[in-house]
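Written below as structure tokens is the structure these notes are about.
The values are calculated or read from the model by the stated rules, or taken from the named source; none is laboratory data. As the structure is a prediction and not an experimental result, all values here were calculated from the model. Neighbour counts run over all protein chains shown; Cβ positions are idealised from the backbone, glycine included. Accessible surface is based on the protein model in full, side chains and every heavy atom, while ligands, DNA and RNA are left aside. Shrake-Rupley method; radii C 1.70, N 1.55, O 1.52, S 1.80 Å.
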Amino acid sequence: MINLYELSFNALAEFIVELGEKRFRARQIWDWMYGRRVDSFDAMGNLPRATIKRLNETTTLGILELITSQISRDGTEKRLYRLTDGQLIESVLMPYDNNRQTACISSQAGCAMGCVFCASGQMGFGRNLSAGEIFEQAMIFARDLAARGERLSNVVFMGMGEPFHNYNASLEAIHYLMDRLHIGARHITISTVGLAPQIRRFADEGLQVKLAVSLHKSDDAERSALMPVNRRWNIAELMEACHYYVARTNRRITFEWAAIAGANDTEEEARRLGNLLSGLLCHVNIIPLNPTGGYSGGPAAASNLHRFSEVLRQFGVGATVRVRRGIDIDAGCGQLKTAILNRDQIARYS
Ligand code: SAH
């Protein structure tokens with residue numbers, strides 16, 4: 001079966017002709033898919049019955065199979081999907097007061113980066129997602145929001161996986177989001193653990209997409225202990241790539257700081273970070289650590305974080321302490337983990 005979300009308009013047109021249909025049907029189908037955002041061929045009212053039948057026999061409109069959905073007290077929604085080969089992924093929708101609706105989507109099933117404080121890192125690597133599979137997570141949220149008269153406004157690549165470890169598919173998915181869902185580049189954020197070569201490559205793309213870099217530590221030995229990727233590209237190499245990015249794009253980088261009690265929330269650490277980032281066009285997002293099963297660290301105290309961001313400001317580095325979202329349903333940053341479902345549970349859900 002061909003997943004139509006994987007096809008560009010031209011590829012769809014070719015495919016439709018191969019199916020023995022008129023070429024103009026491709027435009028009709030495309031409009032149903034991305035204009036009206038229907039979820040089945042049967043809903044494509046201006047197609048002949050025979051065409052709909054042929055489409056149903058040969059193609060699918062997406063492949064994500066919804067297994068569960070949970071809603072947090074704060075309105076955050078987390079969805080668990082199964083892919084055609086059985087792999088599981090999660091995506092999250094976060095409503096905000098100012099009409100913003102942000103989808104947090106996965107780029108891989110599991111993750112190979114192994115950050116010790118991250119649930120996706122703890123579960124290991126399944127496989128790369130295709131561009132269509134990445135895109136479809138946002139597509140589904142956009143469709144459901146439209147049905148209630150709302151609009152998906154933002155997308156962040158902050159779900160499971162390392163998007164720069166699946167560079168081409170992630171980039172393709174970004175284009176799908178812009179072209180098909182009309183989400184502006186400035187409303188899309190791609191977040192990386194710090195793959196320096198891909199940061200440079202991304203700088204060269206000429207996109208206005210936002211870049212977030214997960215830093216979490218300003219000392220090499222300690223960062224390596226938390227984030228194995230630091231042994232491959234250390235902080236100096238990472239910062240060189242970040243400087244290149246800013247010079248090339250003139251765009252501000254967001255550094256993410258998962259604040260762990262006693263580990264990276266001290267004034268000394270803030271001063272070292274301030275020195276590191278001083279003079280770079282950037283902002284620091286401080287997120288109190290979310291608990292995960294495989295890591296014993298806890299969230300830093302709010303009072304420490306207030307002080308931490310004040311110190312950063314003394315270095316001319318802006319910082320914001322973020323409110324954690326969806327913690328009661330394990331939908332917060334770094335909490336996505338699908339391996340908890342065993343075969344029996346999956347069978348029961350399906
Ligand atoms: N692999 C990419 C995309 C994941 S984004 C990256 O690392 O940037 C998820 C963000 O949540 C990253 O900044 C990640 O470091 C952070 N994170 C991971 N585990 C966390 C946890 N337990 N609490 C808070 N943030 C966490």
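A few points about this structure:
- H182 fulfils the conditions (1) more than 16 Å from the ligand (Cβ to nearest atom); (2) in contact with a strand residue (DSSP E or B) (Cβ under 7 Å, 6 or more places away or on another chain) except for a single criterion, (2).
So that you can scan it fast, the table gives a plain yes or no per residue for (1) assigned by TED's automatic domain parsing to the domain that holds L215; (2) assigned to a helix (DSSP H, G or I); (3) within 16 Å of the ligand (Cβ to nearest atom); (4) farther than 30 Å from H165 by Cβ:
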site	(1), (2), (3), (4)
G75	yes, no, no, yes
Y81	yes, no, no, no
T84	yes, no, no, no
C115	yes, no, yes, no
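- The set of residues in region 72-114 that are hydrophobic (A, V, I, L, M, F, W, C), over 20 Å from A146 (Cβ atoms) and under 16 Å from the mean Cα position of the chain (by Cα) comprises L80, L88, I89, A109, C111, A112, M113.
- Positions within region 195-219 being in contact with a strand residue (DSSP E or B) (Cβ under 6 Å, 6 or more places away or on another chain) and buried (at least 21 other Cβ atoms within 10 Å of the Cβ), in sequence order: V209, L211, V213, S214, L215, H216
- Among the residues of this structure, G334 does not count as one that is open to solvent by 50 Å² or more (accessible area, probe 1.4 Å), at positive phi and in a loop (DSSP other than H, G, I, E, B).
- Of all the listed residues (V317, V321), the sole one being in the same structural domain as T102 (by TED's automatic domain parsing), within 16 Å of the ligand (Cβ to nearest atom) and under 21 Å from S191 (Cβ atoms) is V321.
- Yes/no for L273 being more than 12 Å from the ligand (Cβ to nearest atom), crowded, with 21+ Cβ neighbours inside 10 Å and among the aliphatic types (A, V, I, L, M): yes
- Residue in region 156-173 that is farther than 30 Å from R223 by Cβ, assigned to a helix (DSSP H, G or I) and away from the ligand (no atom under 16 Å from the Cβ) present: yes
- When S224, S214 are checked against the criterion of being more than 17 Å from the chain's Cα centre (by Cα), within 16 Å of the ligand (Cβ to nearest atom) and among the small types (G, A, S), a single residue qualifies: S224.
- Region 185-195 - residue that is within 16 Å of the ligand (Cβ to nearest atom) and more than 14 Å from the chain's Cα centre (by Cα) and, of those, farthest from A258 (Cα to Cα): L195
- Some residue of region 132-154 being under 27 Å from A259 (Cα atoms) and either more than 15 Å from the ligand (Cβ to nearest atom) or open to solvent by 10 Å² or more (accessible area, probe 1.4 Å) (or both): yes
- Checking I287, I199 one by one, the residue that is of a type in the set (V, I, T), assigned by TED's automatic domain parsing to the domain that holds M113, more than 24 Å from S303 (Cα to Cα) and not in a loop (DSSP other than H, G, I, E, B) is I199 and no other.
- Residues located in region 119-131, provided they are open to solvent by less than 30 Å² (accessible area, probe 1.4 Å) and under 13 Å from N168 (Cα atoms): L129, A131
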